Amino acid sequence: MIMYSLNGENVHYGTPVNPYGADRVPGGSSSGSAVAVAAELTDFAIGTDTGGSIRIPSSYCGIYGFRPSHGVVDISGVIPLAESFDTVGWMARDVGLLKDIGTVLLGNQAVEKEVDEQLLIDEALVCIAEPDVQALVLQAADRLGAKQISRWTPDRIDEGFETFRHLQAREIWREHGEWVQAANPAFAADIGARFQWASTLPQQELPLYKDKQTAMKRAFAANFAPNEIVLLPTAAGPAPQIGGSGQELEAIRAQTMKLTSIAGLAGCPQLTIPFASVEGLPIGLSAIGYPGQDLFLLSWANRLFGIDT
């Protein structure tokens, strides 16, 4: 998969089996890690997340998954994909263990213990998901006492998604293009198409998209407080069926990445929580925290969803 897929299907070695449905994709690209945790083969696993590769398989496989703030976990030795977004995160079935892992990997990150969290929900983000998912997320937000906000618009969401995918693609080609041209590897059709598209994009435009990301980071920092947590669907819907048409899967990918690109662009931590199901398939509720407030976010989730609460 070479980290350029949200489905987790592997045409070379076989696709890891989603425990909630063998006919459903496990999510990717950290599909093996998610399936190992969901199938109770291990208590936790690590993975990489650039565009959603921990959050989406965690949602599809019904487990907790955490993407840290960009740059707070050392990724030395990891094969890069797109440096502006690459992170190493972790997954677990238990939110308490997810937090314990964070206390190790995040080091001495400070937590504002005297500050209460403020949960926020923006319907413009929720409406990206399928109707069944929208209803479940809004019900959960209401139960949790989230405050309604209007800080996103469809145009702003689309601009963020376009900025993310263009910056990501240019960085991917800058990193791997020479090898792709020399080795001519046999990619899966969807991944090969993304590399082909990336090869056509002018590298001289990379600073333009990097500047757009910087502006979006500043806007997020200016419009939110360190104790605020934004709730939203993790993915547009439950895990799609394996072997779906390329057009259908690409449409699902685009809708889902409108959601996952938000934390990536702003460098925020994001936690996905298994909270509901649609026709027996897991649905993830996501919580995006302020950049650098990873342990604050994990502590909130542990208080709310931990076994001892």
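One table, with the values for the structure above:
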item: Cα pair count fraction exceeding 15 Å, expressed as % - segment 174-268; result: 73
item: Residue-averaged 222 nm ellipticity for the chain, from DSSP H runs of 4+ at -39500 (n - 2.57), nearest 500; result: -14000 deg cm²/dmol
item: Within-12-Å neighbourhood charge of PRO68 [Cβ basis; K, R +1; D, E -1]; result: -2
item: Directionally averaged shadow of segment 5-91, computed from the convex hull of its alpha-carbon atoms, nm²; result: 5.5
item: Size descriptor, Kirkwood hydrodynamic radius, that averages inverse alpha-carbon separations across segment 218-273, Å; result: 13.1
item: Accessible surface ranking that places the most exposed of LEU304, LEU41, LEU231 first, with a 1.4 angstrom probe; result: LEU41, LEU304, LEU231
item: Where LYS258, LYS147 fall by accessible area, highest first, once all protein chains stay in place (1.4 Å); result: LYS147, LYS258
item: Computed lengthening from GLU83 to ALA183, 0.36 nm per intervening residue step minus Cα-Cα distance; result: 33.8 nm
item: Cβ-defined net charge surrounding ARG93, 15 Å radius [Lys, Arg +1; Asp, Glu -1]; result: -3
item: At R0 = 30 Å, FRET efficiency that the Cβ-Cβ distance of GLN203 and CYS127 yields, to 0.05; result: 0.30
item: Among (i) 78, 56, 37; (ii) 73, 46, 38; (iii) 55, 43, 38, the entry that matches Cα extents along the principal axes in Å as calculated here; result: (iii)
item: Total formal charge among the other residues, if their Cβ is under 10 angstrom from that of ILE121, Lys/Arg +1 and Asp/Glu -1; result: -2
item: Most to least accessible of ARG24, ARG165 (protein chains only, probe 1.4 Å); result: ARG165, ARG24
item: Sites ASP74 and GLU175 - FRET efficiency at Förster radius 22 Å, r taken between beta-carbons, to 0.05; result: 0.75
item: Phi-based couplings in Hz for segment 42-58 (Karplus 6.51, -1.76, 1.60; Gly and Pro marked x); result: 8, 6, 8, 8, 9, x, 9, 9, 10, x, x, 6, 9, 5, 6, x, 5
item: Extension reserve of the ASP142-ASP100 stretch, reckoned as 0.36 nm per residue once the Cα distance is removed; result: 12.3 nm
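The values are calculated or read from the model by the stated rules, or taken from the named source; none is laboratory data. Every value quoted in this text rests on a predicted model; they were computed, and no experiment measured them. Cβ sites come from the backbone with ideal geometry, for glycine too, and all protein chains shown count toward neighbours. Note: areas computed on protein heavy atoms with side chains; ligands, DNA, RNA excluded. Shrake-Rupley method; radii C 1.70, N 1.55, O 1.52, S 1.80 Å.
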